[in-house]
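Novice: Quick one: this structure, given as C-alpha cells, is what I'll be asking you about.
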Amino acid sequence: MQSDQAGVTGKTLLDARFDRSAIGYWRVLVSLLMVITIVGIPFIPFWLLYSLWFGPKYFNGLSARLTTQALELRKGVFTRSESTVPLNRITDLKLHQGPIMRRFGLHGLKVETAGQSGPNAGSEGNLLGVVDAEAFRNAILRQRQITLGAEPSEAVPRTRAAPSDATELLTEIRDILARIEARQ
C-alpha cells in the first residue's frame, strides 16, 4: 500500500500492514509465561479478559512507515512511543520466527542500527506480525541502498573478486567511505 503523504523524513513509500493474528499470539505467549511461573496461573482468566480490550488497542496503535529517508515506528497503548530510524543508520534487518509464531503464521522483523552496543543494547525496533515481512524488509534495504547512493544492483554484487592483500582491502574501504561522505 503506497501513500503520497510527505512527512518530516521525506515522502512515504510504503506503510506496513500488520496481521491481526498477532493478538492471539500475544494472548498465548503471556498465558504460557504465566503457566511456567506457576504463580501466574490464577491470573490467567484475568489476563485473558484484559487482553480482549488491550490486544485490539495495542494492534491499532502499531504502525511502521518507510519514507525516502527513514523508517518511522509507532506503538503503545498507555505509553506510546514513536521512533524515527534514519536509513543510513540501519545495519541489519533480521527476520525471525519462533515455534509459536510459526503456528500463528507470523514473522518478526528486528531493526538493528549502528551505535548499538553495551550490555543493555537491544534492537531499535521489533515489528511483530508485519504482513509479508520479507517484502517489507527488502523494500527497506532497497531504499537504504538508494539513500546511501548505491543502485540496488551495485550495492550487493553477485560475484566480486576478493582483494589480494590487506592494503587493497583498506584502500577500497577508504574509497567507499570517501564516496559516502561526499554524498552527504
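The values are calculated or read from the model by the stated rules, or taken from the named source; none is laboratory data. Computed from a prediction, not measured in an experiment: that's the story for all the values here. When we count neighbours, we look across all protein chains shown, and the Cβ atoms used for this are built from the backbone with ideal geometry, even at glycine. Accessible surface areas use protein heavy atoms only, side chains included; no ligands, DNA or RNA. Shrake-Rupley method; radii C 1.70, N 1.55, O 1.52, S 1.80 Å.
Novice: Here are some residues: Gly55, Gly40, Gly61. Which one is free of Cβ contacts under 8 Å to residues at least 24 places away in the same chain and under 25 Å from the mean Cα position of the chain (by Cα)? First the steps, then the outcome.
Specialist: Working: Gly55 fails: free of Cβ contacts under 8 Å to residues at least 24 places away in the same chain; Gly40 fails: under 25 Å from the mean Cα position of the chain (by Cα).
Residue meeting the stated conditions: Gly61.
Novice: Limited to region 54-77, what total is found for residues that are in contact with a helix residue (DSSP H, G or I) (Cβ under 9 Å, 6 or more places away or on another chain) and either over 13 Å from Leu128 (Cα atoms) or of a type in the set (Gly, Ala, Ser) (or both)?
Specialist: Here the count works out to 12.
Novice: I'd like the full set of residues that are over 19 Å from Leu128 (Cα atoms) and either part of a helix (DSSP H, G or I) or open to solvent by 40 Å² or more (accessible area, probe 1.4 Å) (or both), limited to region 9-28.
Specialist: Lys11, Leu13
Novice: Which residue pairs have Cβ atoms under 6 Å apart, sit 6 or more places apart or on different chains, and have a first residue in region 8-33 that is over 30 Å from Thr147 (Cβ atoms) and a second that is part of a loop (DSSP other than H, G, I, E, B) and open to solvent by less than 50 Å² (accessible area, probe 1.4 Å)?
Specialist: Partner pairs satisfying both residue conditions: Tyr25/Leu106.
Novice: Just checking, how many residues over region 29-62 are open to solvent by 90 Å² or more (accessible area, probe 1.4 Å) and part of a helix (DSSP H, G or I)? I'd like the intermediate steps shown before the answer.
Specialist: First pass over region 29-62, keeping only residues open to solvent by 90 Å² or more (accessible area, probe 1.4 Å): 33, 36, 38-39, 43, 46, 49-50, 52-53, 57, 60.
Okay, now just the ones that are also part of a helix (DSSP H, G or I), so 33, 36, 43, 46, 49-50, 52-53, 57, 60.
Counting residues in region 29-62 that are open to solvent by 90 Å² or more (accessible area, probe 1.4 Å) and part of a helix (DSSP H, G or I) gives 10.
Novice: When you go through (1) open to solvent by less than 40 Å² (accessible area, probe 1.4 Å); (2) in contact (Cβ under 8 Å) with a residue 40 or more places away in the chain; (3) under 30 Å from Gly149 (Cβ atoms) one by one for Asn88, which number turns out not to apply?
Specialist: The single condition Asn88 does not satisfy is (1).
Novice: Which residues, counting only those in region 63-78, are of a type in the set (Gly, Ala, Ser) and either in a strand (DSSP E or B) or at pLDDT 90 or above (or both)? Break it down into steps so the answer makes sense when it comes.
Specialist: Keep residues of region 63-78 that are of a type in the set (Gly, Ala, Ser), which gives 63-64, 70, 76.
Of everything in region 63-78, those that are of a type in the set (Gly, Ala, Ser) and either in a strand (DSSP E or B) or at pLDDT 90 or above (or both) turn out to be Ser63, Ala64, Ala70.
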